[in-house]
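The block underneath contains the structure these notes are about, expressed in structure tokens.
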Amino acid sequence: MPQLQKKLTLYGLTMIAVGGCIGSGIFVTPADIVQAVPHHGLVLLVWGLGGLIAMTGALTFAELGGMFPHSGGVYVYLREAYGEWVGFLYGWVTLLVINTGALAALGIALSEYLTFFIPMDQTMKIFVAIGVIGGLTGINIFGVQISQLFANTFTGLKLLAILAIIVAGFIFYEPANVQLNLSLAKGVPENLFSAILVGLIGVLWSFGGWHHASYLAGETKDAQRTVPRAMVLGALIVTLTYVLVNLAYMMLLPLEEIAGTTRVAGDAIATLLPYGGKLVAIAIAISIFGTIGIYTMSAPRIYFAMAKDGIFFKSLAFIHPRYRTPVNAMLVQAIWAIILLLFWGTFSNLITYVTFMDIVFMTLAGFSVFVFRIKLPEKNRPYRTFGYPVIPLIFVLVSGAFVINTVIHRPVQALAGLFLLGLGLCVYFGFRKKG
């Protein structure tokens with residue numbers, strides 16, 4: 001019986017955590033944050049707060065990753081804490097909407113940036129997106145060591161591209177053209193608290209993805225130590241990168257220009273080079289390409305784990321005898337992502353409505369640290385959450401606040417999410433009955 005191979009190293013898994021976060025967000029969301037908090041110091045503060053929240057999540061999940069070093073990550077934590085059906089619902093939503101919807105959106109975004117160099121109509125963009133998702137799924141089927149090499153290469157390239165922007169900002173900063181106001185004693189908006197909350201929406205969206213490292217625990221060397229370290233290191237690297245690149249943006253462009261553009265990186269480099277926009281388009285395309293590669297590799301381990309537990313299609317537990325990868329789970333995800341792409345106009349609203357369910361499950365997973373401290377006090381914990389219980393409590397409260405805010409202000413999204421969960425429960429009990 002073929003088994004998954006433990007080939008992932010600390011460096012490789014950290015690059016997966018970093019690459020899962022850094023996609024297109026850091027290149028497009030700075031405008032939203034500046035609109036919410038039009039103050040240099042506050043912009044950096046909000047990005048720093050987002051990093052601290054991500055760190056509280058990574059530190060919390062680090063304890064969980066050490067306790068349960070198995071394929072599926074978050075699915076396993078939810079299953080062990082609340083029962084099989086909660087884990088199933090997480091995998092169900094991830095397959096049906098969260099990860100496949102993200103893949104479809106990333107595929108289209110990549111095609112959009114490629115139009116800087118190759119003219120394409122909408123049909124051509126969809127075909128390119130399908131080709132990228134299918135092609136990268138195929139590459140990841142050839143073994144986790146190939147996936148690790150891919151993640152190392154493309155995450156390294158995107159970090160180098162962002163580093164180039166940071167260096168350019170510090171070298172070519174002209175105080176006469178752009179005056180930085182980093183003091184929180186002057187120019188602070190009156191509605192400070194609500195402004196920071198609005199700014200955090202785009203920031204936290206840009207920080208999402210570090211937990212993808214947990215999905216691959218079953219293929220990681222010394223997983224009990226490596227998975228926690230990779231998630232914490234990944235969150236730390238992303239935080240430092242985001243704060244520095246936003247400082248670089250503000251060194252090259254006035255705040256009002258940043259607030260008025262969705263191409264802040266391109267506009268910033270265009271102040272130095274006439275073809276700066278195209279250079280940044282290449283960097284963004286590389287970044288998105290690398291993220292698609294990671295998403296096509298990581299999430300299928302959830303469906304694989306569900307199938308092994310007997311609560312999903314048995315064929316999804318199949319491991320390729322030569323490449324030792326969950327090939328059927330990877331192919332099913334790719335096929336469903338392509339279906340979403342083909343019917344994007346029909347499904348885009350539904351996908352928007354239910355993505356908040358991801359935060360619901362992240363909140364539940366974070367809270368499971370408290371559950372396990374009571375339920376499994378004697379279980380081996382290679383890593384214990386730093387600052388317990390304050391650190392995990394911050395993560396749970398912040399994540400929960402976003403869920404409650406969605407229910408209050410976006411009731412349609414909440415109802416769509418509840419409908420999807422209800423459908424998932426029917427499917428789950430169907431599998432249990434059949435089993």
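No value in this document is a laboratory result; all are computed from the given coordinates. All values reported here derive from a predicted model rather than from experimental measurement. With ideal geometry, Cβ positions are generated from the backbone for all residues, glycine too; neighbour counts draw on all protein chains shown.
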| message | How much length would be gained if the chain were fully extended between E174 and Q3, taking 0.36 nm per residue of separation minus their Cα-Cα distance, in nm to one decimal? | response | 55.8 nm
| Folded to 0 to 90 degrees: helix 344-354 orientation relative to the chain principal axis, Cα | 80
| So how do D309, D358 line up by other beta-carbon neighbours within 10 Å, fewest first? | D309, D358
| Mean Cβ neighbour count within 10 Å, used as a protection proxy, ranking 130-143, 413-426 highest first | 130-143, 413-426
| Which one of V264, A104, G310 has its Cα pushed farthest toward the positive end of the charge dipole of the stretch 10-434, where Lys and Arg give +1 and Asp and Glu give -1 at the Cβ? | G310
| message | Can you compute the modelled spin-label distance between F429 and M124, with each label point 7 Å from Cα toward Cβ, in nm? | response | 5.1
| said: Only four residue types carry charge here, +1 at the Cβ of Lys and Arg and -1 at the Cβ of Asp and Glu. Report the dipole size of the stretch 10-434 about the Cα centre in Debye, rounded to the nearest 20. | reply: 1380
| Among T241, L200, Q145, whose Cα lies farthest out toward the positive end of the dipole of the chain, if unit charges sit on the beta carbon of Lys, Arg (+1) and Asp, Glu (-1)? | Q145
| query | Under unit Cβ charges (Lys, Arg +1; Asp, Glu -1), what dipole magnitude, rounded to 20 debye, does the stretch 236-366 have relative to its Cα centre? | reply | 680
| Contour excess over end-to-end distance, with Cα ends at L415 and S194 and 0.36 nm allotted per residue | 77.0 nm
| said: Give me R410, R324 sorted ascending by neighbouring Cβ count inside 10 Å, so fewest comes first. | reply: R410, R324
| query | What's the center-to-center distance, using Cα atoms, between the stretch 279-324 and the stretch 59-79 in Å? | reply | 18
| request: Within 10 Å of each residue's Cβ, count the other Cβ atoms and sort L184, L341 from fewest upward. | output: L184, L341
